[in-house]
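Please read the structure below before turning to the comments.
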Amino acid sequence: MMLLFSTTVKASSYTSNVIASVSVGGVCFITTTNTLVNFGNIDPTQGTPVSNDIAFADSFGNEPANILVAGTNWINEPGYGSNTFYVSNTLWNPTSASPGVGNALTLFTGFTSLFDTQLQIAAPNPSFPRTQTQLFVGVNIPGGAPAGPYTQNIVPGYSCLTYPNPFSVQNVIATANVQPACFISLSTNAIDFGSITPTNSVPTANAVSVNDPGGNIPANILVDAGNWISGSNTFYVSNTLWNPVTEPTYTGTPLNLAPNLVDTLIQEPAPIIANPTTSNTLYFGLAVPAAQSPGLYTQNVYIENEC
Amino acid sequence: MQNKNITSTHRLIYFSLALLLISGLTYAQLGERAGPLNFNVPVNGSQTNQWYLINEGNVPINFYIYAEQPSQVPNEITPSIITVPLNGTIAPYSTLIVNVSVSMPANNIPHKGSWSTILQAIETSSSKSTNGANSAQLYAGIAKEMFIASTNAIPITTTTPVTTTVPVVFKPSVYQIVVVISLVIVIVILYIIKKLIDNLKGDKALAGIITKAKLPKKKKQSKNKRK
């Protein structure tokens, strides 16, 4: 006897989920992409636009970071002396700006002295695995800063959001070449000699202070003038005298008729940072020739610094 | 009424003080980068150098430039100086570059070779106080020395005397004449003496001949006598 049995065997599968978990720490890793900033030739009292950039990049991190910065004082490059001017003459700004616009760089004395610019570099992500940002810098040269090449270390740093301890990145070397220059300003733009009758004179005691407000080398003082004029009446320039010292009488050197500058042999001392304005005084006197027609006379006097 | 006057006075004082305050906040100071401008210009050429004018202040500076041209000398080449710009405005806290060009004409007229002159940048202000009296109006400026040398110049030569061969005319002095005369006299005297001597010699010779003719002949002695 044959018995036939049939049965249906069904395949069965078993699945179960494996839950894996990992804790990914936040990290930021900032590098600078340029380590040299050259401000070029700059005159004393002048500043550069705050537009030289220091670029930062994050290629390995996963969270944002704040950019920190500090710096050292400016000092002459080796072999050019030991002159110095303060770190705060360097300005930084999160965006490009005009001369004089920005924040003064602070002195680097250690990691804790790095200043938080609040400039943030975004966290990289799979879509943007590399992020970057820029900090802009410029420099003002103080009046009286001696001419020559200078250098400064700008110390950039960063701090991560979850790991706020500051880190520094490679230093940026800043260079600037201060040029020799001189300036001029006068304490007054006119001398009032008052009313004078013919054959009379005014003592050479009218003072004009000739200043150099911010140069860095000595300057020679030159002077000449035009004739005295009142309508169609004139009298000659040489009736005006100048002197380096005040005199109680009408005495001194006659002015030359312009354009014929004469060197007064008075030299403006070179200003220095501690004393950025130097000055010397010229004194003027006037005599009116006999039989000079009455009137209100004026004369143009040119006082010039030469360096 | 009195109160109104006081109020007006106060307003005037405040306005004047405000003006003083504003004038103190604005300033303009002209400067320049140091160092003379040196030019080495070939004949029929030109050279341009840059003169840096600086405004240290917070208001613009209006200026004009005066370039003192080297003096013209007849029959000599003189360079000409051009500045660009001749006048203008320097913005606050900025440097303006003035291009200074020197041109040397071309021809074969001699050159002096070098010149020195001076540039001036003079600040022009909008107003100057006069106070209704004789007054000197003061203008601040910056001066710049210029030194110009001409390369491949035909130098100016000073006129030198022309030397030609001229026959030497002997003009003896009195002393020389006396010496010559004396020599002549001596020669003559010596000649006379020689003549006399010669004459004397001639007489002697004649006398000798005569004497010989008069003297008897000496006999020859025999050689045998002694035998």
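The values are calculated or read from the model by the stated rules, or taken from the named source; none is laboratory data. These numbers were taken from a predicted model, which means no experiment stands behind them. Here the Cβ positions follow ideal geometry from the backbone for every residue, glycine too, while neighbour counts run over all protein chains shown. Surface accessibility is based on the protein's heavy atoms, side chains included, excluding ligands, DNA and RNA. Shrake-Rupley method; radii C 1.70, N 1.55, O 1.52, S 1.80 Å.
Observations on the model:
- Those residues of segment A:112-147 whose amide nitrogen sits under 20 Å from the label point placed on A:Asn38, 7 Å along Cα→Cβ: A:136-141, A:147
- Heavy-atom accessible area buried between chains A and B is around 3300 Å² (1.4 Å probe, both sides summed).
- Full extension of the segment from A:Asn171 to A:Thr106, taken as 0.36 nm per residue of separation minus the current Cα-Cα distance, would add 21.9 nm.
- Scattering profile of segment A:185-306 at q = 0.09, 0.22 Å⁻¹ [log10 I(q)/I(0), Debye over alpha-carbon scatterers]: -0.27, -1.25
- Bridge type composition, chain A - antiparallel percent by DSSP, nearest 5: 90
- A full extension of the chain between A:Glu77 and A:Thr246 corresponds to an added length of 56.4 nm, given 0.36 nm per residue minus the alpha carbon distance.
- Per residue, chain A exposes 49 Å² of solvent-accessible protein surface, assessed with a 1.4 angstrom probe and all protein chains in place.
- Derived scalar couplings between HN and Hα for segment A:37-43 equal 10, 10, 7, x, 7, 9, 8 Hz in order, rounded to whole Hz, by the Karplus curve 6.51 cos²θ - 1.76 cosθ + 1.60 (θ = phi - 60°), x for Gly and Pro.
- Globularity index of chain A, i.e. its alpha-carbon radius of gyration over 2.2 N^0.38 Å: 1.88
- Here the peptides A:206-216, A:60-70, A:280-290 are ranked by packing, the mean other Cβ count within 10 Å, and the order with the highest first is A:206-216, A:60-70, A:280-290.
- Remark: C-alpha extents of segment A:30-178 on the principal axes read 51, 29, 22 Å, sorted largest to smallest.
- With a Förster radius of 25 Å applied to the beta-carbon distance between B:Val59 and A:Tyr86, the computed FRET efficiency rounds to 0.40.
- Measuring heavy-atom accessible area with a 1.4 angstrom probe and counting protein chains only, the residues of segment A:187-211 that give up at least 40 Å² relative to the chain alone are A:Asn189, A:Ala190, A:Ile191, A:Asp192.
- Zone of A:Thr281's modelled label, taken as backbone nitrogen in segment A:185-217 under 11 Å from a point 7 Å along Cα→Cβ: A:205-210
- Sequence-separation-based contact order of chain A, relative, with Cα cut under 8 Å and 6+ spacing, percent: 19
- Scanning residues 5 or more positions from B:Gly45 or on other chains, those with amide H under 5 Å from its amide H are B:Met104, with H placed 1.01 Å from N in the peptide plane.
- Percent of Cα pairs in segment A:94-248 per distance bin of 10 Å, from zero to the largest separation: 7, 22, 19, 13, 12, 11, 9, 5, 2, 0.
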